[in-house]
1. May I ask you to say which residue of GLY224, GLY212, GLY242 is at pLDDT below 90, of a type in the set (Gly, Ala, Ser) and open to solvent by less than 60 Å² (accessible area, probe 1.4 Å)?
2. Scan THR231, THR249 and give me the residue that is more than 14 Å from ALA29 (Cα to Cα), of a type outside the set (Asp, Glu) and more than 29 Å from the chain's Cα centre (by Cα).
3. Check every one of the strands (runs of 3 or more DSSP E) wholly within segment 42-145 and list those with 2 or more residues that are farther than 13 Å from ALA158 by Cβ.
4. Which residues, counting only those in segment 37-67, are among the aliphatic types (A, V, I, L, M) and more than 10 Å from GLY80 (Cβ to Cβ)?
5. Could you list all residues from segment 70-113 that are modelled with pLDDT of 95 or more, over 19 Å from the mean Cα position of the chain (by Cα) and loosely packed, with under 15 Cβ neighbours inside 10 Å?
6. Out of all the residues in segment 228-237, which are surrounded by 10 or more Cβ atoms within 10 Å (Cβ to Cβ) and within 11 Å of ILE205 (Cβ to Cβ)?
7. TRP152: assigned to a loop (DSSP other than H, G, I, E, B), modelled with pLDDT under 95 and either farther than 18 Å from MET181 by Cβ or of a type in the set (Ser, Thr, Tyr) (or both), yes or no?
Amino acid sequence: MGDQLAATQQSIRPLNSLLSFYGPLRSLARSVDVVSDTAPLGSYKLVVAPALNVLTPAAAANLEAYVRGGGHLVLGQRSGMKDEDNSLSPQRQPGPLADLLGARVEQWYALDTTVPLEGTWGNGQDKIWAEQIGIKLPETQVLMRYGKSNGWLDGQPAAVTRKVGKGSITYIGAALDEATMKAAAQWMMAEAGLQAIMPDLPSDIDVSIRSGEGKRVLILTNYGAEPRTITLPQAMVDVLAGGTVSTVTLDQYGVAVLR
């Protein structure tokens, strides 16, 4: 049991939490920015903080302003556990954002047995880390619950959300398995009103979008070892090669700029 718990604790490292969110979101959105928690966020419809363990007053104020301004914020497990001095916060998770969420983490545990999950994102499993969430406001909605397992988690909220004006704040207290995380990512995109521009691209093709003054440019980059031919969703102007195209072929590390 000691070895299993040690492996579990290794799995809940912040980097692993970040990657578990980043993978499915990138596969849908194709372009993901990684920014500071105090960066200007007003231009983003969706902001995801997978493992914001240390939450400073400046970051909390920035994230709350973002939600109240109509943004959609998603927090992962262990968010807001510590303050700017890396000390445990006197407030339950997510610390200074708990009142905005209308809920807080009551208990948490590194799992030594698998716990089932069920709800909006389907049926799944949590093998790593579980947080029991307590609802404090009636408008806070439960998205996922723990299934029957060890008793104290049975039927308890695992992920919750609250609408704040045109924005929302969501807290995920379970370490979601891959399939459930994919469903959660689809829900996040829909909740924020986001649509994938080119959802069927190979995983080694990256898309960046630049827009301004009523114009938008797509930048495709091939990070794969083999050339790729990409069918575009509509005819576009090839800025680098010239002309209007419906497909582009990218050599290894090749780049296409399309308007």
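1. Within the list GLY224, GLY212, GLY242, the selection yields GLY212.
2. Of THR231, THR249, the one residue that is more than 14 Å from ALA29 (Cα to Cα), of a type outside the set (Asp, Glu) and more than 29 Å from the chain's Cα centre (by Cα) is THR249.
3. 46-49, 72-75, 103-110
4. ALA39, LEU41, LEU46, VAL47, VAL48, ALA51, ALA58, ALA61, ALA65, VAL67 - these are the residues of segment 37-67 that are among the aliphatic types (A, V, I, L, M) and more than 10 Å from GLY80 (Cβ to Cβ).
5. Answer for segment 70-113, where residues must be modelled with pLDDT of 95 or more, over 19 Å from the mean Cα position of the chain (by Cα) and loosely packed, with under 15 Cβ neighbours inside 10 Å: just ASP99.
6. Within segment 228-237, ARG228, ILE230 qualify.
7. Criteria met by TRP152.
The values are calculated or read from the model by the stated rules, or taken from the named source; none is laboratory data. These figures come from a predicted structure and were not determined experimentally. Quick reminder, even Gly has a Cβ in these numbers, built from the backbone with ideal geometry, and neighbours come from all protein chains shown. For the accessible areas, the whole protein counts, side chains as well, though only heavy atoms, and no ligand, DNA or RNA atoms are used. Shrake-Rupley method; radii C 1.70, N 1.55, O 1.52, S 1.80 Å.
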